[in-house]
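Q: First, the structure itself, so that you have it in front of you.
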Amino acid sequence: MISKRFIALLAASCMLLPALGRTQDSAALLTQAEGSFRIVDDAMDGAVANDAGTEEPQASAPGTQPAVTRAQPAPDAVELAALYYYAEQKQEERVAAEGARLRLKYPAFELPQDLYQPLTSRSADETLLWKLYQKNDFTGIDAEIIRLKSEAPEWTPSADFSEKLARKKQRVLMTEAASAKNWTGVIQAGNAIDPATETEVDLLWQLIDAYSQTGMRDPLANVYRGILLREGEKRLPDAALVTTLQKAIRDFPASEVQAVISKLSVTPAMQAGLQPVASDLLRKTVADFNADEKRTEPLADADLEPLKLATQTKPVATDMGLLGWYYLKIKQPALSAQWFKKAMDVKPNASSAKGLYLSLAAQNLEEEAYQVAAAHLQDLSGDPEFLMNALSLRFAKPDMATIDEQIVASYSTTILQTLNADHAEILAWYAYNSKQYEAAAAWFGKAIDWKTAPARVKGLALSMMRLSQKQEFAELQSKYKDIYPEIWAEIKIAPAPKGKKATAVIKPRGAIQANYFRNFQAKRYSACISDLNDLRGRGQMTPNASLIGGWCYLGLSRLSEARAAFAEAMAAGGQMQADAAYGTALTLLRGKLTDDADAILRAYPMTAERDREVRAEIYVQRARSAFDQKQYQVTLDALNTRASLVAEPADLSQLRGWSYYHLGNKGMARQVFQRLNDHLNDAASRRGLLEASRIEGARQ
């Protein structure tokens, strides 16, 4: 009689696979320095030698057909019937004998995985599951599995379906997260992927983008190593390697990517495929040089020649601009001006306009530089600080030439948008010296509002004198005589301006919003923060600016900085404090600091609407946290309190239903799921209703 141990060994032997040749750990081929992508030469040279020694597949001779792999014959259901019968009857000796007979007839035969499952489990129809699988209806799949298990409790989905379902869920989650630029979601969904063995390279590219965007350098390098350093049969197609290298140019220094390319380009086909990468790499080399303040030694002319030739065969403004910035950096402004002019002829843009202005200014060609700024107001409007600095020279030296009305309007508007006190003072002196005293007084006053300085108080006082505003002058002197005592004697003896002809200056308009506020309204949060940093650098931050900064930081999910900004605004008291407290509470809730948000709510009064909004979210978080900790009664208590404040959405009603279910109150659970199903008729509601009804029915 054959023993059970022999049967187990026989079954196990059917699942053994031929051993694969051992491959060297690809992670050892790279240095472990953070962000490094260098290759250990000895190890990689060996890999290259192996690849180079592999013969290319020969083309088929004319008239011949390529070999076709035939499917291995397998027993049908009739021939398997006896095997299943013996297993059901627990006749292990006959199972072994029948398995051996089938293996003789069908050499590739393996014992079925469901051999010892109950008949009810084997006979479950998975057709609907596969249809739902094709639709990516994962909630519907869960409901169908529950239904099938209610009919056959011992049934489980087939291994094939389970494996493919898990894989599809992962792909859908990663793809949806990548489309939404939810990079944390991509990383979480793909955390089980092995970069060294994964065959679906697009998923690895999604991980690369996610790690790149989140600045996670070590796992980023691991994914690149896993793709690029495979050997033999595991090596990915050349096209996949080329695309990966193009991404690597974005993420690593050009010198490190070049080292990888040198090792991989071992065949003529790969060398041809890497040509676009080589061109991109040259651009990255020049860009890296331009951006590195420490590098001053010029690049070799021979290295730049391919990029110069490319601009002749296919003029591209960005390539010409790249060369322009290169020559500007190595202090050859005449050459850089030529490249920037070429770029502007192809396609005017802000970067080339800035470069051309700086190239001309570096040659002391101030008038030509000013004309560039004046001709490209729209292109330069995205960088208001640069634009103001470029235009201010003419206002500081009005004798050079008459200023166009459009320039004055653009300059004044940009000043108001940036709240720049320095440039407001420049415009004010321009107006004063051309005897436009009312405009001068208005602009000096605006500059003082933003940041007080003695020259600005002096200019306002002089303007008031010329306007014979004696009372206003006295009030100004009383306010600032002890702060700036030295300016008043100068004011008394100051001569009147000569009043040369100048373009009319319009007084500042209050309707123009600050740039940081406009960017906040447009949800350009990074630009908003940049504007506020400029204000802070000039010492012009206000409580309102801090408040808006808090909302912009919150929009970027930079929670600690948001809390700091709101804290600055709260110090102002009054309505500003109330608004900042509201922002602080929302920031704490975003960080899941529920109790801290509750403390803010108790410490600072809010409007009824805001109070209700914050409390409702507090109870949502408490309910979810309690549910995760299996504290189902605490979950219901939090949901009940929230429901007294605002209406309950479907997802929280689902939470309520499952809380009743886990507490054993299947009747209440069934009522909740029935109500949801009546209104939504979705798979999640049907799943809960089916499970609650099944348990309730079983008890009856």
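Q: Once the Cα atoms of helix 559-570 and of the chain are each reduced to a long axis, what angle between those two axes, in degrees from 0 to 90 to the nearest 10, is obtained?
A: So the helix axis and the longest Cα principal axis differ by about 40 degrees.
Q: Neighbouring Cβ atoms within 10 Å as the yardstick, rank M320, M400, M216 fewest first.
A: Ranked by crowding around the Cβ, least crowded first: M400, M216, M320.
Q: Which whole-number percent gives the relative contact order of the range 618-700, counting Cα pairs below 8 Å spaced six or more residues apart?
A: It comes to 22 percent, rounded to a whole number.
Q: Starting from the 7 Å offset along Cα-to-Cβ, what nm value, one decimal, do you get for the label separation of E88 and M270?
A: For the pair E88/M270, the computed spacing is 5.7 nm.
Q: Sticking with this one: Return the FRET efficiency for the residue pair N191, K470: r is the Cβ-Cβ distance, R0 is 60 Å, and the value is rounded to the nearest 0.05.
A: So, using R0 = 60 Å, E works out to roughly 0.20.
Q: Continuing with this model, one more query. Any chance you could list the semi-axes, whole Å, largest first, of the equivalent ellipsoid that the Cα gyration tensor gives for the range 486-641, using √(5λ)?
A: 47, 16, 13
Q: Can you tell me the orientation of helix 525-537 relative to the chain, as the angle in degrees between its alpha-carbon axis and the longest Cα principal axis, to the nearest 10?
A: The answer is roughly 40 degrees.
Q: Further question on the same structure: Could you tell me the center-to-center distance, by alpha carbons, between the range 165-213 and the range 557-634 in angstrom?
A: A separation of 33 Å, based on Cα centres.
Q: Nearest 10 degrees is fine. How inclined is helix 350-362 to the longest principal axis of the chain, computing both from alpha carbons?
A: 40
Q: Rank-order 466-477, 433-444 by packing density, defined as the average count of other C-beta atoms within 10 Å over each peptide's residues, highest first.
A: Most protected by this proxy first, the peptides run 433-444, 466-477.
Q: Any idea what the alpha-carbon Rg over 2.2 N^0.38 Å comes to for the range 618-700?
A: Dividing the Cα radius of gyration by 2.2 N^0.38 Å gives 1.05.
Q: Expressed as a rounded percentage, what relative contact order does the chain have, with Cα pairs under 8 Å and six or more residues apart?
A: Reported as a whole number, the value is 7 percent.
Q: What ranking do 562-573, 376-387 get when scored by the average of other Cβ atoms within 10 Å per residue, highest first?
A: 562-573, 376-387
Q: While we're here: What are the trypsin sites (Lys or Arg not before Pro) within the range 224-316 that DSSP puts in a loop, where the Cβ has at most 13 other Cβ atoms within 10 Å?
A: Here the trypsin sites (Lys or Arg not before Pro) that fit, given the DSSP loop and packing criteria, are K294, R295.
Q: Further, regarding this structure: Multiplying the sequence separation of K105 and I330 by 0.36 nm and subtracting their Cα-Cα distance, what value in nm do you get?
A: Gain in length upon complete extension: 73.1 nm.
Q: Taking the Cβ-Cβ separation of D449 and S560 as r and a Förster radius of 30 Å, what is the calculated FRET efficiency to the nearest 0.05?
A: So the FRET efficiency works out to roughly 0.45.
Q: Say each of F161 and L393 gets a label point 7 Å from the Cα, pointing the same way as Cα to Cβ; how far apart are those two points in nm?
A: The answer from the label model is 7.6 nm.
Q: Follow-up. FRET efficiency for A291 and S693, Cβ-Cβ distance as r, R0 = 60 Å, nearest 0.05?
A: 0.40
Q: Using only the alpha carbons of the chain, what is the convex hull's orientation-averaged projected area in square nanometres?
A: 48.2
Q: A647 versus D218, label points 7 Å from Cα toward the beta carbon: distance in nm?
A: My value for the distance between the label points is 4.9 nm.
Q: Subtracting the Cα-Cα distance from 0.36 nm times the residue separation, let me have the gained length for D345 to T139 in nm, one decimal.
A: 68.5 nm
Q: For the range 446-491, calculate the relative contact order in percent as a whole number, restricting contacts to Cα pairs under 8 Å that are 6 or more residues apart.
A: 39
Q: Packing-wise, with mean Cβ within 10 Å as the measure, how do 356-363, 104-111 rank, highest first?
A: Averaged packing, sorted descending, gives the order 356-363, 104-111.
Q: Sticking with this structure for a sec: Using the structure shown, select from K294/K451; K181/K592; K294/K523; K446/K470; K247/K308; K105/K164 the pairs with a Cα to Cα distance greater than 26 angstrom.
A: Pairs exceeding the cut-off: K294/K451; K294/K523; K105/K164.
Q: HN-Hα J couplings of the range 91-107 from phi, Karplus 6.51/-1.76/1.60, θ = phi - 60°, integer Hz, Gly and Pro as x?
A: 8, 5, 5, 5, 4, 5, 5, 5, x, 5, 4, 5, 6, 5, 7, 10, x
Q: Sticking with this one: Stretched out fully, how many nm does the piece from Q633 to Q671 gain, at 0.36 nm a residue minus the Cα gap?
A: The Q633-Q671 span can extend by a further 11.9 nm.
Readers should treat all values here as calculations from the given coordinates under stated rules, not as data from a laboratory. Nothing here was measured: the structure is a model prediction, and the numbers come from that model. Because the Cβ atoms are built from the backbone with ideal geometry, glycine has one as well, and the counts that use them run over all protein chains shown.
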